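Input: one structure, supplied below.
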Amino acid sequence: MKIKHKLVKGSVKMIKPFIYGVSIENRYDRAMLFCRYQEFYESPFDNIRGKYFTLNEFMKTYTKENGYTSFTYPSDWSGYNIPSDVLDKAHDKFYKETEYDEIMNDIYFYCANDAMECNDGTRTRWYLIGYGGDESILKHEIAHGLYYTKRSYRLEMDLLVSELPKKVFKKIKKTLIKMGYVDDNKIIYDEIQAYMSTGLAAQFDGDEFKKYQDKFIEIYNYHQ
């Protein structure tokens, strides 16, 4: 599927079984298309996560709560990932409210219908990721997709995360929350496996975490 809107140019395709990638080179366009849905899924702000909010309300909240003087979301984040069950709810709340929502509406129905066709006509779970030209970001978002669409992958990764020393887990969790992730272990487990399995453990500030990443990488590679 090609995205040929005046606001956004890009493409949508299944890049792994039931994982759909939205490729948009322009970082600002990618952020503005995804931010409302991404933050509905895992925003750290109570008035945003899982709630109805306008795009302007989110921009104001993000800027104020972070102590910024301008809206920096497009430069702060580059990759996006949203489960289909979350998109189901967000789609109902934001249905065609802005032009970005109209574009996401088209993406939503394209992916939902394609996933159903690929599953013998039966509705099934699928995952949406947004990325640009950075290969490491793409791998990171695919890890999120695998965690949602493949139960065996999720169980193996959850076991690895649970086996991390408590001190290490707490330090990684603290870093993730400081980076802007919500304090919710369901999200934290997913983020830890996605960072560790794609060689991005350096994000956690220190070589001490690198020794734990090999097993994560091994499982990620096995499920490709």
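The values are calculated or read from the model by the stated rules, or taken from the named source; none is laboratory data. As the structure is a computational prediction, the values presented were derived from the model and not from experiment. Virtual Cβ from ideal backbone geometry, glycine too; neighbours counted across all protein chains shown.
Going by the conditions given, is Gln224 in contact with a Leu (Cβ under 9 Å, 6 or more places away or on another chain) and closer than 24 Å to Val22 by Cβ? Spell out the reasoning first.
Details: in contact with a Leu (Cβ under 9 Å, 6 or more places away or on another chain): yes; closer than 24 Å to Val22 by Cβ: yes.
When the stated conditions are applied, Gln224 passes them.
Would you be able to tell me the number of residues in the range 116-138 that are closer than 21 Å to Ile24 by Cα and touching a Phe, Trp or Tyr at 6+ places or on another chain (Cβ under 8 Å)?
Filtering the range 116-138 for residues closer than 21 Å to Ile24 by Cα gives 126-138.
Applying the additional criterion that residues be touching a Phe, Trp or Tyr at 6+ places or on another chain (Cβ under 8 Å) yields 126-131, 137-138.
Residues in the range 116-138 being closer than 21 Å to Ile24 by Cα and touching a Phe, Trp or Tyr at 6+ places or on another chain (Cβ under 8 Å): 8 in total.
Can you give me the number of residues within the range 102-114 that are under 12 Å from Tyr37 (Cβ atoms) and surrounded by fewer than 18 Cβ atoms within 10 Å (Cβ to Cβ)?
Of all residues in the range 102-114, those under 12 Å from Tyr37 (Cβ atoms) come to 103-105, 107-108.
Add one more test, that the residue is surrounded by fewer than 18 Cβ atoms within 10 Å (Cβ to Cβ), and what stays is 105.
Summing the residues that are under 12 Å from Tyr37 (Cβ atoms) and surrounded by fewer than 18 Cβ atoms within 10 Å (Cβ to Cβ) in the range 102-114 gives 1.
Take Ile217 and tell me if it is outside the structural domain of Pro44 (by TED's automatic domain parsing), in a helix (DSSP H, G or I) and either of a type in the set (Phe, Trp, Tyr) or touching a helix residue (DSSP H, G or I) at 6+ places or on another chain (Cβ under 9 Å) (or both).
Details: outside the structural domain of Pro44 (by TED's automatic domain parsing): yes; in a helix (DSSP H, G or I): yes; either of a type in the set (Phe, Trp, Tyr) or touching a helix residue (DSSP H, G or I) at 6+ places or on another chain (Cβ under 9 Å) (or both): yes.
Taking the combined requirement at face value, the residue satisfies it.
Right, here's the next one. Scan (1) charged (D, E, K, R); (2) within 19 Å of Val182 (Cα to Cα); (3) part of a loop (DSSP other than H, G, I, E, B) for the single condition Arg123 breaks and write down its number.
(2)
What are the residues in the range 159-190 that are among the charged types (D, E, K, R) and closer than 28 Å to Gly132 by Cα, if any?
Quick first cut of the range 159-190, residues among the charged types (D, E, K, R) only: 163, 166-167, 170-171, 173-174, 178, 183-184, 186, 190.
Within the range 159-190, Lys173, Lys174, Lys178, Asp183, Asp184, Lys186, Asp190 qualify.
I would also like to ask the following. Here are the criteria: (1) in contact with a helix residue (DSSP H, G or I) (Cβ under 8 Å, 6 or more places away or on another chain); (2) surrounded by 21 or more Cβ atoms within 10 Å (Cβ to Cβ); (3) within 29 Å of Ile3 (Cβ to Cβ). Tell me which single one Met157 does not satisfy.
(3)
If Ile137 satisfies all but one of (1) among the aliphatic types (A, V, I, L, M); (2) more than 18 Å from the chain's Cα centre (by Cα); (3) part of a helix (DSSP H, G or I); (4) surrounded by fewer than 21 Cβ atoms within 10 Å (Cβ to Cβ), what's the number of the condition it fails?
Just one mismatch for Ile137, condition (2).
Give the residue, chosen from Lys173, Lys178, Lys167, Lys186, that is more than 23 Å from Phe40 (Cβ to Cβ) and among the basic types (Lys, Arg).
Working: Lys173 fails: more than 23 Å from Phe40 (Cβ to Cβ); Lys178 fails: more than 23 Å from Phe40 (Cβ to Cβ); Lys186 fails: more than 23 Å from Phe40 (Cβ to Cβ).
None of the others qualify; the one that does is Lys167.
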